[in-house]
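The values are calculated or read from the model by the stated rules, or taken from the named source; none is laboratory data. From a predicted model like this one, the values you see are computed outputs, not experimental measurements. Don't worry about glycine lacking a Cβ; one is built from the backbone with ideal geometry, like all the others, and counts go over all protein chains shown. Heavy atoms of the whole protein, side chains included, go into the accessibility calculation; ligands, DNA and RNA do not. Shrake-Rupley method; radii C 1.70, N 1.55, O 1.52, S 1.80 Å.
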Amino acid sequence: MPLSPDITERLARARADLRMGVPVVLNGPQAALVLAAETLSASRLADVLAMGGDPVLAITARRAETLKARAYDGDLARIALPQDATPAWVQSIADPAGDLRAPMKGPFVCARGGDAGLHSTALQLAKDARILPAVLVLDLPDGKEFAAAQDLTLIDLETARRTMAHSSVLHPVVSARLPMEVSEVGRLHIFRPEDGGEEHYAIEIGRPDRTKPVLARLHSACFTGDLMGSLKCDCGPQLRAALAQMGSEGHGVLLYLNQEGRGIGLANKMRAYSLQDQGFDTVEANHRLGFEDDERDFRIGSDILKSMGFSAVRLLTNNPRKVEMMEASGIAVADRVALRVGENRHNTDYLATKAAKSGHLL
């Protein structure tokens with residue numbers, strides 16, 4: 001029926017279901033029931049164990065490295081679920097908060113052989129839902145029939161893979177005049193992705209000439225730094241310095257992208273902060289959580305710039321990866337403009353880690 005949801009809408013449902021602890025079904029040559037470890041309830045775990053079969057807890061290779069679990073599948077590990085597993089055990093595998101207090105969680109029996117593509121897609125769904133990347137997976141003989149009987153969201157595996165490989169299409173919603181301290185000639189543009197994700201914003205200063213490289217910054221949302229004045233990062237000072245420079249030059253575009261915590265979400269960012277309090281640096285903390293150094297997608301920024309009529313930028317950044325991604329996405333970078341501000345005694349180590357491990361030019 002034309003009113004039924006397409007794959008993009010089904011994926012949005014699946015992300016919401018996983019966040020709430022509701023299972024989803026991935027269906028293809030393989031079929032499986034998938035539950036998020038972070039939101040797993042005792043009753044649903046009992047139901048899964050009662051179904052028989054061989055449920056596994058899929059975790060990323062980054063998390064597996066911390067747990068000394070064998071990642072036979074390259075980018076992930078499939079840990080066999082003990083019959084006496086509890087939600088607390090599952091969540092201790094997913095969440096590193098108690099690793100130092102109880103480091104010996106194994107030994108683990110890890111699956112090897114067979115196709116782990118379904119597990120990889122399930123982990124990406126969890127990442128996209130901004131929850132811990134760990135999922136309970138149970139093979140099903142008939143995914144379509146099971147999903148219908150249990151009233152669960154059914155996702156076609158191959159279609160989902162193709163869809164998730166691309167950035168969501170962004171649509172302009174509205175723009176309006178916004179006088180600001182740095183410039184009374186300002187305009188705020190709102191862009192909404194088709195996939196039901198967070199909206200992104202473009203702050204236009206002055207009336208930039210679309211035929212020339214525009215002074216631009218891709219700024220990832222940072223609630224703690226931008227709003228609360230956190231001294232643990234340099235985000236707030238960078239935001240204000242970028243706007244001030246655009247105001248001084250009379251034109252520019254600041255893209256405010258809702259990719260908090262390098263794309264892992266605010267809750268996971270706070271988990272990383274807690275791990276930093278245990279002595280880990282920012283990259284080590286992300287890895288222990290099961291994430292990569294940086295999970296952001298800067299193609300979002302290039303899509304917004306193109307939709308606004310820009311094809312070239314003078315990019316305010318210390319991050320060479322942003323330059324590479326802009327150019328790979330069809331936006332010419334005429335110049336990289338350094339933005340070195342905000343260092344203090346609380347973030348010196350953080351900035352050193354960005355330079356040493358993430359290649360930032362500081």
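Those residues that are open to solvent by less than 40 Å² (accessible area, probe 1.4 Å), touching a helix residue (DSSP H, G or I) at 6+ places or on another chain (Cβ under 6 Å) and either of a type in the set (G, A, S) or assigned to a helix (DSSP H, G or I) (or both), I need them from segment 188-232; list them, please.
If the condition is that a residue be open to solvent by less than 40 Å² (accessible area, probe 1.4 Å), touching a helix residue (DSSP H, G or I) at 6+ places or on another chain (Cβ under 6 Å) and either of a type in the set (G, A, S) or assigned to a helix (DSSP H, G or I) (or both), then A202, A221, G225, D226, S230 are the ones that fit.
What's the total number of residues in segment 238-268 that are surrounded by 19 or more Cβ atoms within 10 Å (Cβ to Cβ) and assigned to a helix (DSSP H, G or I)?
Of the residues in that region, 11 qualify.
Going by what's in this entry, would E145 be described as open to solvent by 60 Å² or more (accessible area, probe 1.4 Å) and over 25 Å from F310 (Cβ atoms)? Full working, then the answer.
Values: open to solvent by 60 Å² or more (accessible area, probe 1.4 Å): yes; over 25 Å from F310 (Cβ atoms): yes.
Here the answer is yes, as E145 does meet what is asked.
Identify all residues within segment 167-187 that are open to solvent by less than 60 Å² (accessible area, probe 1.4 Å) and within 23 Å of the chain's Cα centre (by Cα); write none if there are none.
Once the filter is applied, which keeps residues that are open to solvent by less than 60 Å² (accessible area, probe 1.4 Å) and within 23 Å of the chain's Cα centre (by Cα), segment 167-187 yields S167, S168, L170.
When you look at A61, is it free of Cβ contacts under 8 Å to residues at least 24 places away in the same chain and more than 18 Å from D17 (Cα to Cα), yes or no? Don't jump to the end; show me each part of the working.
Working: free of Cβ contacts under 8 Å to residues at least 24 places away in the same chain: yes; more than 18 Å from D17 (Cα to Cα): yes.
Yes; evaluated as a whole, the condition is true for this residue.
For Y273, indicate whether it is part of a helix (DSSP H, G or I) and aromatic (F, W, Y).
Details: part of a helix (DSSP H, G or I): yes; aromatic (F, W, Y): yes.
Yes; evaluated as a whole, the condition is true for this residue.
Filter segment 57-72 for residues that are part of a helix (DSSP H, G or I) and within 19 Å of G113 (Cβ to Cβ); which is least open to solvent (accessible area, probe 1.4 Å)?
At the first step, the residues of segment 57-72 found to be part of a helix (DSSP H, G or I) are 61-67.
Checking the rest, the ones that are also within 19 Å of G113 (Cβ to Cβ) come to 61, 64.
Values: A61: 29, A64: 1 Å².
My answer is A64.
Any residue that is within 20 Å of the chain's Cα centre (by Cα) and of a type in the set (A, V, I, L, M) - is there at least one of those in segment 214-223?
Start the filter on segment 214-223 by keeping residues that are within 20 Å of the chain's Cα centre (by Cα), which leaves 217-223.
From the residues that got through so far, the ones that are of a type in the set (A, V, I, L, M) too are 218, 221.
The answer is yes, given that some residue of segment 214-223 is within 20 Å of the chain's Cα centre (by Cα) and of a type in the set (A, V, I, L, M).
Quick one: is A85 farther than 15 Å from L132 by Cα, surrounded by fewer than 15 Cβ atoms within 10 Å (Cβ to Cβ) and either among the small types (G, A, S) or free of Cβ contacts under 8 Å to residues at least 24 places away in the same chain (or both)? Can you show your working first?
Working: farther than 15 Å from L132 by Cα: yes; surrounded by fewer than 15 Cβ atoms within 10 Å (Cβ to Cβ): no; either among the small types (G, A, S) or free of Cβ contacts under 8 Å to residues at least 24 places away in the same chain (or both): yes.
The answer is no for A85.
Return the residues of segment 88-119 that are without any contact (Cβ under 8 Å) to a residue 40 or more places away in the chain and in contact with a Leu (Cβ under 8 Å, 6 or more places away or on another chain); say none if nothing qualifies.
K105, G106
Scan segment 112-126 residue by residue and report those that are closer than 25 Å to Q259 by Cβ and open to solvent by less than 30 Å² (accessible area, probe 1.4 Å).
At the first step, the residues of segment 112-126 found to be closer than 25 Å to Q259 by Cβ are 119-126.
Answer for segment 112-126, where residues must be closer than 25 Å to Q259 by Cβ and open to solvent by less than 30 Å² (accessible area, probe 1.4 Å): H119, T121, A122, L123, L125, A126.
Return the residues of segment 107-162 that are part of a helix (DSSP H, G or I) and farther than 20 Å from L11 by Cβ; say none if nothing qualifies. Before the answer, list the steps.
Kept after step one, since they are part of a helix (DSSP H, G or I), are these residues of segment 107-162: 117-128, 143-150, 157-162.
Scanning segment 107-162 gives E145, A149.
Given the residues R262, R296, R336, which is the only one that is in contact with a helix residue (DSSP H, G or I) (Cβ under 9 Å, 6 or more places away or on another chain), over 26 Å from Q124 (Cβ atoms) and of a type in the set (K, R)?
On the way: R262 fails: over 26 Å from Q124 (Cβ atoms); R296 fails: over 26 Å from Q124 (Cβ atoms).
Every option except R336 fails the conditions.
Which residue is modelled with the lowest pLDDT, if the candidates are limited to segment 298-332 and must be closer than 14 Å to S220 by Cα and open to solvent by 30 Å² or more (accessible area, probe 1.4 Å)?
The qualifying residue modelled with the lowest pLDDT is R321.
Evaluate segment 94-106: report whether one residue or more is part of a loop (DSSP other than H, G, I, E, B), farther than 15 Å from L136 by Cα, of a type in the set (K, R) and open to solvent by less than 60 Å² (accessible area, probe 1.4 Å). Walk me through how you get there before you give the answer.
Of segment 94-106, the ones part of a loop (DSSP other than H, G, I, E, B) are 95, 99-106.
Still in the running and farther than 15 Å from L136 by Cα: 99-106.
Retained after the next criterion (residues that are of a type in the set (K, R)): 101, 105.
Okay, now just the ones that are also open to solvent by less than 60 Å² (accessible area, probe 1.4 Å), so 105.
The answer is yes; a qualifying residue exists.
To keep it simple, each residue is scored yes or no on (1) within 23 Å of G197 (Cβ to Cβ); (2) open to solvent by 10 Å² or more (accessible area, probe 1.4 Å); (3) in contact with a His (Cβ under 8 Å, 6 or more places away or on another chain).
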{"position": "P2", "(1), (2), (3)": "no, yes, no"}
{"position": "T8", "(1), (2), (3)": "yes, yes, no"}
{"position": "L18", "(1), (2), (3)": "yes, no, no"}
{"position": "V22", "(1), (2), (3)": "yes, yes, no"}
{"position": "G28", "(1), (2), (3)": "no, yes, no"}
{"position": "D47", "(1), (2), (3)": "no, yes, no"}
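Of the residues A77, A37, which single one is open to solvent by less than 30 Å² (accessible area, probe 1.4 Å) and free of Cβ contacts under 8 Å to residues at least 40 places away in the same chain? Before the answer, list the steps.
Details: A37 fails: free of Cβ contacts under 8 Å to residues at least 40 places away in the same chain.
On inspection, the qualifying residue turns out to be A77.
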